[in-house]
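Just below is one structure, and these are the notes that go with it.
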Amino acid sequence: MCRKAGILILILTGSIFFASCSLRKPSVTSVTTIKPLGDTMKVNDGSLIYALPMTVFNITVEFQHTIEKPGPYARYATDMLGIKDIISRESEKWAISKICVPTRSPLRKW
């Protein structure tokens with residue numbers, strides 16, 4: 001008896017499930033209009049407004065440019081002054097000293 005009741009409940013549950021998944025034509029046809037978000041916008045009753053978050057990155061990179069040139073008496077610096085760390089040849093170096101990445105919303109006035 002329990003087995004027949006279990007099978008009956010399973011068949012009843014399955015039929016309800018499949019009946020709820022049946023294809024039906026929607027009774028109301030909706031009109032979708034996509035407009036860019038602006039300062040002034042007319043909104044009708046029953047409208048839905050959705051906006052994705054927008055972020056603007058202002059990337060600022062500061063560089064340090066170093067140019068090294070030997071002076072006219074560079075070859076005599078070790079003998080006459082005892083300086084060992086001298087600039088003996090021309091060189092040019094670039095280095096990033098600062099990176100700043102602030103974010104802001106494009107609709108906000110900064």
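Laid out as a table, the results:
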read-out: The range 64-76 - residue that is surrounded by 10 or more Cβ atoms within 10 Å (Cβ to Cβ) and outside any strand (DSSP E or B) and, of those, modelled with the highest pLDDT; value: K69
read-out: Looking only at the range 80-94, and only at residues there that are assigned to a loop (DSSP other than H, G, I, E, B) and among the acidic types (D, E), the one that is surrounded by the fewest Cβ atoms within 10 Å (Cβ to Cβ); value: D85
read-out: Meets criteria (surrounded by 10 or more Cβ atoms within 10 Å (Cβ to Cβ) and within 30 Å of P36 (Cβ to Cβ)) for R104; value: yes
read-out: In the range 42-59, residue farthest from V101 (Cα to Cα) [restricted to those that are in contact with a strand residue (DSSP E or B) (Cβ under 9 Å, 6 or more places away or on another chain) and loosely packed, with under 10 Cβ neighbours inside 10 Å]; value: T55
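A quick yes/no check of all residues on (1) at pLDDT 75 or above; (2) outside any helix (DSSP H, G or I); (3) loosely packed, with under 10 Cβ neighbours inside 10 Å; (4) among the aliphatic types (A, V, I, L, M):
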{"site": "A5", "(1), (2), (3), (4)": "yes, no, yes, yes"}
{"site": "K35", "(1), (2), (3), (4)": "no, yes, yes, no"}
{"site": "E62", "(1), (2), (3), (4)": "yes, yes, no, no"}
{"site": "T78", "(1), (2), (3), (4)": "yes, no, no, no"}
{"site": "I96", "(1), (2), (3), (4)": "yes, yes, yes, yes"}
{"site": "W110", "(1), (2), (3), (4)": "no, yes, yes, no"}
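The values are calculated or read from the model by the stated rules, or taken from the named source; none is laboratory data. Quick caveat, the model's predicted, so the values are computed rather than measured. All Cβ positions, glycine included, derive from the backbone under ideal geometry; neighbour counts span all protein chains shown.
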